[in-house]
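Just below is one structure, and these are the notes that go with it.
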Amino acid sequence: MNLCISRLQEERKQWRRDHPFGFVAKPVKNEKGVDIMKWSCVVPGKEKTAWEGAILKVEISFPEVSYKAPKMCFPIICWILLSSSGRFVPPLFHPNVYPSGTICLSILNEDEAWKPAITVKQILLGIQDLLDEPNADSPAQAEAYNLFKRDREAYDRRIRQIVRDHLG
Amino acid sequence: MSEQDATPPPPKQEEGAHLNIKVTDGNNEVFFKIKKTTQLKKLMDAFCDRSGKSIDSVRFLFDGTRVQPTDSPDTLEMQDGDTLEVHQEQVGGAFPSF
């Protein structure tokens, strides 16, 4: 069994034993059974923020580069999907989410803070933190970034509106 | 293939008959020991009784999927140590289904 698969199976085992409330992280099932390389996850918006009540569906794909060390087999691609309809929504209104839906987060970037020791749990908690604490130094889309920079109150109102209409 | 196939647990029939299930609403945790074939209704009622909640005011989720009272650990492929989450029932919103 290659390192990546055994690593992910162990993560899943730990997750079942204990995970933060309201979060979901499980490998997807297809006609062949469970695909440990693709996970369906749910990140809840943090309480007492504009994102409170939001339920974000996140898909994590682990690339199948399994012959290298864990470092190489574990960079991550995340997509945020709109929860209620399951529709792909490029982009989520957030300064650090690309128009493609990919999240720009340092811990997910191999050239930045990615470490093999980072767990799925840390990634999902990181995404939850990022929701309400965008990094204005690394914009990934213009619309959310501009409003965030110009008028934080209007930005928060917009987020609440989106959460109410689409993500609750 | 089920999720457990890659590392098959040693089949111990006697021990395997019961599971310890954690039920939590984010604040309180209650542990239950139930048979694999027992309907989860029993556990849901017990949790609501103990925490003073009405069964209609909450929903139970396992791995993000809503649990029906007629489900059992067997039908949901639950393992020893798994968690049921109790969320406030809400109108209009739906949890994403996978």
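Being touching a strand residue (DSSP E or B) at 6+ places or on another chain (Cβ under 6 Å), modelled with pLDDT of 90 or more and not basic (Lys, Arg) narrows it down to one of A:ALA25, A:ALA50, so name that one.
On inspection, the qualifying residue turns out to be A:ALA25.
Report yes if some residue within region B:18-28 is at pLDDT 90 or above and more than 14 Å from every other protein chain (Cβ to nearest Cβ); otherwise report no.
Within region B:18-28, one or more residues are at pLDDT 90 or above and more than 14 Å from every other protein chain (Cβ to nearest Cβ).
For region B:70-87: of the residues being β-branched (Val, Ile, Thr) and closer than 19 Å to B:CYS48 by Cβ, which is nearest to the other protein chains (Cβ to nearest Cβ)?
B:THR83
Would you check if B:PRO96 is surrounded by 15 or more Cβ atoms within 10 Å (Cβ to Cβ), on the phi < 0 side of the Ramachandran plot and at pLDDT below 80?
Yes: the conditions hold for B:PRO96.
Yes or no: region B:2-16 includes at least one residue that is out of contact with any helix residue (DSSP H, G or I) (no Cβ under 8 Å at 6 or more places or on another chain), modelled with pLDDT of 90 or more and away from chain A (no Cβ under 14 Å).
No, the conditions are met nowhere in region B:2-16.
Name the one entry in A:ILE103, A:ILE55, A:ILE76 that is closer than 30 Å to A:GLU153 by Cβ and at pLDDT below 80.
Exactly one residue qualifies, and that residue is A:ILE103.
Is it the case that A:LYS32 is facing chain B (nearest Cβ under 9 Å), among the basic types (Lys, Arg) and within 14 Å of the chain's Cα centre (by Cα)?
no
The values are calculated or read from the model by the stated rules, or taken from the named source; none is laboratory data. Keep in mind the model is a prediction, meaning the values are calculated, not measured. Every residue, glycine as well, gets a Cβ built from its backbone with ideal geometry; the counts of neighbours run over all protein chains shown.
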